[in-house]
Amino acid sequence: MSETAQRSTTLQLEASDVRLNVRVASREEAIREVAGLLIANGKVAPGYVESMLGREQQANTYLGHGISIPHGMPQDRELIRRTGIAVLQVPDGVTWNPGERVHLVVGIAARSDEHLQVLASLTDVLDDPSLVDRLATTNDAGEIVASLNRRTSLGSAGLGDEFAEAPFVDVTIVGSGGLHARPATMLVEVAGRFASEIRVQQAGREANAKALASILKLGVEGGQTVRLLALGPDADAALAALREAVESGLGEGEAHDAAVTSEGPSWLPVSTARAIMGVAASPGLAIGPVFQFKRARLVVEDRPRERDEEKLRLREALETAREQLDVIHEQVKSRAGSNEAAIFRAHQAMLADPDLLDDVYARIEDGHSAAWSWQRTVETRVSDVQQIGNATLAGRAADLHDVGQRVLRVLAGTEEGEPSLPSSPAILVAENLSPSDTAKLDPNLILGLCTVLGGPTAHTAIIARSLGIPAIVGAGAALLELPDGQTTIVDGSLGALYVSPSEADLASARAAQAGIAQRRDLENESRFAPALLTDGHRVEVVANLGRPSEVEQALQAGAEGVGLLRTELLFVGRSSAPTEEEQYQAYAEMARNLNGLPLIIRTLDIGGDKSAPYITVPAEENPFLGVRGIRLCLRRPDLFRTQLRAIYRASTAGDIKIMFPMVSTLEELREAKDFAESVRQEIGVPPVEIGMMVEVPSAALMADELAPEVDFFSIGTNDLAQYTLAIDRLHPTLGSQVDGLHPAVLRLIQRVVQAGEPVGTWVGVCGGIAGEPLGALILTGLGVAELSMSIPSVAAVKARLRQVSRADTRMLAERALRCSSAAEVRALGRSGGSGGE
C-alpha cells in the first residue's frame, strides 16, 4: 500500500473535535456533552446519546489517569454515520465513579477499528502523568490534537525521530507461522528483560516489542524480514539477545526435540485473523457465534410493610435461596465433581452469617423493607471486603455479591435480574461470571467461554475445565464490542479469541477439533495401562480427590490410586466438625473401594482461602501466612486427634498413608509425627507410611534434613509457586503469573528429589502442573515418582508419558532448569510446531 493510501484510511483528530474548558456536574452530563459534539460534527445520529449512556450501565469506561472513553453499544452501530472521536476537556474534573476523577472525556463512535490508533496514543498518554495534567488544562486544542495524533503520524514514514539514530538489526522470521501469538509472546518475554525501549518495524509499520497486542497487529508472516531497534543503556545486549531468539525460531523451530516436547496437534489461523488475547483458562478449541451475557440490574424501592411481615419475607427468601443453592450444588457435583461444587456450600454458609443477618434485621426494625435492608447491608459488606488489602479475601466479595443478588431476586418477586442464556450452541462472552452463573451453563450449548475479567484460578475457570469447555479469561473490554452472532474461534490453550475468521480458518479449526477428539479417544482406550516410558521406567499416575464418591470415577479414568485426599472438604458446608465415626466410615469406604491401591490422606488443611464457620482463628492480615495447615492442627489437638484416630482405624481396610500439609520447619514435622504416634499407640494398629507436603520454600531448602524423617514428599506446586514468587495465586491481576513451571519452582523441586534419593524418600507432585502433559514430562525428568492430578487429566498424561524415554525427559528437564522464565519453559512444549490443545 502506498503512503498516500495509508494516510487516507488513517483517522485524524481535528480541532473541531475538541471542546475546551467545559464544566459538568455529573458523568451523565459529560456523556451528553461529548455525544453532542459527535452529533454536531456529523459523526452520529441523535439516538447515539442514549446508546452511550446505556453502555455506561454495562461497563465502566474509565481508562485511568483522568481519562474516560465513553462509547455506544454494539447493536447501535447503525446510528454511526462515520467513525469519529470527540474530546471534552474538563479542567475541574468530573466524578466518573467513586474515586475516579476525569479531566479528558474521549467520546468514541466507531464502525470499524480505525479508532484504535487514537486509543493506542491514549495508552502512551497514560504513561506520562505530566502530559495528562497539561492536556487537562491547556487552552490550545491543537496540543490535544497533536498528542492523540502522534501515533498515527508515523504511518509508513517509519519510526519517530527519537529512533532515527537508534542501533538496529534486521532479522528474518523463521517458520511458516510468522509472528503469531506464541512466538510473539516469546519475543515480548525476551524484550522485557532489558531496560531499553525496543521497537519492531516491518513494511513501514512499527510495534512496541514489549507489547504482545502491538506485535500481533503487524501481521508479520513467516519468511518476512523485520527490523529490531533499541534505544537505551543496554541496547546492544538487547539486540543481540533478540537476534539469537528470532534466529532460533522463538520456540517454534526446534523440530529435533518434537518427540519430547510436542503436546499434540497444533492449530494456527491460516489467514491473519484479528485476535483478542487473554489468559488461557481451560484448554480446547471451540467455534461458534458470540452470545453476550448481560444481567439486568435489580432496582429495589424501599416500600416497607409491617415489621413482622418484612422479617417473615426475609426468612422465606433465605430459605428459598438455600434450596436453590442445594439444587445448583447437586447439578455441579454430578457434572463437574465435588470440589467444584463446594463453593455453593460456602454460599449457603454466607446466608447464615449472624452478623450479616443482625444488620439486616436492625434496618427492618428501623422501618425499612426487607428487600431494601438486605440490599443495603450486602452492598456495604461487599464494599468493605473489596477494600481489604488481602486480594484473596477481597476476591470473596464476588461470592457475597452473588449470594446477595440471589436473595434479592426472591425478595423482589421477579427474575428480571436473571440473564438470558443461549438456546443454541454459542461462545458465551461476559464481563465476568459468578459461580452461580457458571453452574447454570449447559456444556451442550456453551461451546466456549470468554470473560473480560478474571484469572485462571477463578471459579469460572475451574468449573470450565471440569466441564471440558474451552475458556479464556482476563481478555479485556474489547470482548464487549463483539456483536451477538459474530463467528469466532476460541483457543483455550493459548488464551486467544479469533474474530471473524476466514472460511479457510474455520475449515482448518474444524479439522484440528477432529484431531483433538480422535486423540482423546485413543487416550481413553489405553487409560488402564500403566504409564511405562519407552525404556520401561514407570511413573505412578494417581488422582486428587475430595469425596469418597469420587473413587469410582477416578478408577474408571485410569487412576492408579489416590495421591491426595483433601479431607477439608469433609469439614466445610456444615455447622460442626465431622465426628470420628463419620470420618472413619468415609476413609474406610475409600480404602475398600480402592482394593489395595494407595490412598494418601492429607490431614486437615483449613486456613488461607479455606474456612469452616466452627473453626475460628484470630483475624489475620494475611491468612496465607498465618494459622493454616499443620499449624492449625497442632493448635487444635481436639480436631487433630479425632481425625488421626479415624485414619488409623481405617488403615486396616487398605493401603492408607498419612500426609501433613504446610510443613515449614523440622520442629513442626517432629511435633506432628509424635502426636500421630501417640494416637496410633492408643488405637493399637501397625504403623503406616507418613509423608509431608512441600509447599513453602523453607521445606524445599531444608529437604536434606526433612527427608530422613518421612517416607515420602508430595510437592504442592500451586502453593509452592505462590510462596516462591511472592504472588497471591488468587490475585485478580497478578494471579496469572503464578506458574508452577517457573524455573525457580522447578529448581526447588529438583532439590527436594535430590534430598530424598540417598535415604529412599520418594517424591510425588500433586499440584496443577502434574496434570499438564508438559509438566508431567519435566517432573518425570527431574526424578518425580508419582504424579497426582484432577481426574480428567489422567488418561492424557499417561498416554503422553508412554511416548518418551527417561533420557528424553531428563534432557527436557535440564533445558527447563536453564530457562529464565515460565514463558520460556512453556515455549519448550511448543517446539516442533506443536502446542495445540
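The values are calculated or read from the model by the stated rules, or taken from the named source; none is laboratory data. Treat the numbers as computed from the prediction; the structure is a model and nothing was measured. FYI the Cβ positions are ideal-geometry reconstructions off the backbone, even for glycines, and counts take in every protein chain you see. Surface areas here come from the heavy atoms of the whole protein model, side chains and all, with no ligands, DNA or RNA. Shrake-Rupley method; radii C 1.70, N 1.55, O 1.52, S 1.80 Å.
Using only the heavy atoms of the protein chains and a 1.4 Å probe, how would Leu239, Leu522 rank by accessible area, largest first? Walk me through the numbers before you get to the answer.
Values: Leu239 10, Leu522 100 Å².
Ranked list, largest accessible area first: Leu522, Leu239.
Of all the accessible heavy-atom surface of segment 648-767, with the other protein chains kept in place and a 1.4 Å probe, what percent is carbon and sulfur?
Details: 2200 of 4490 Å².
The nonpolar share, carbon plus sulfur, comes to 49 percent.
To the nearest 0.05, what FRET efficiency results for Glu323 and Asn21 with a Förster distance of 56 Å applied to their C-beta separation?
On the way: r = 58 Å, r/R0 = 1.04.
With a Förster radius of 56 Å, E is 0.45.
Give the separation of the Cα centroids, segment 219-239 to segment 511-589, in Å.
48 Å
Give me the accessible area of Tyr498, 1.4 Å probe, in Å² rounded to the nearest 10.
10 Å²
Return the distance in nm (one decimal) between the two label points of a simple spin-label model at Ala507 and Leu625, each offset 7 Å from Cα along Cα→Cβ.
Those two pseudo-labels are separated by 5.8 nm.
At what distance in nm do the modelled label points of Leu701 and Glu301 sit from each other, each positioned 7 Å from its Cα along Cα→Cβ?
For the pair Leu701/Glu301, the computed spacing is 6.4 nm.
In segment 476-560, what percent of the accessible surface is made up of carbon and sulfur (1.4 Å probe, ligands and nucleic acids excluded)?
On the way: 1910 of 3580 Å².
On segment 476-560, the fraction of accessible area on carbon and sulfur atoms equals 53 percent.
Set the Förster distance to 60 Å, then compute FRET efficiency between Val685 and Gln12 from the Cβ-Cβ distance, nearest 0.05.
Details: r = 82 Å, r/R0 = 1.37.
That pair, Val685 with Gln12, gives E of 0.15.
Kindly report the accessible area of segment 755-837 per residue (heavy atoms of protein chains, probe 1.4 Å, no ligands, DNA or RNA), in Å². Please report the intermediate quantities before stating the final value.
Details: 2360 Å² over 83 residues.
That works out to 28 Å² per residue.
How far apart, in nm, are the 7 Å Cα→Cβ label points at Phe528 and Ala45?
6.6 nm
Keeping all protein chains in position, work out how much accessible area Lys311 exposes to a 1.4 Å probe, and write it in Å² to the nearest 10.
So the heavy atoms of Lys311 present about 40 Å² to solvent.
Quote the FRET efficiency, to the nearest 0.05, computed for Val759 versus Glu581 with a Förster distance R0 of 45 Å and r equal to the Cβ-Cβ distance. Each step should come with its number before you reach the end.
Details: r = 37 Å, r/R0 = 0.83.
Efficiency at R0 = 45 Å is approximately 0.75.
On a full-extension model of 0.36 nm per residue, what is the gain between Asn97 and Asn595, subtracting their alpha-carbon distance, rounded to one decimal in nm? Please list the in-between numbers first.
Details: separation 498, 0.36 × 498 = 179.28 nm, distance 6.01 nm.
Length gained between Asn97 and Asn595: 173.3 nm.
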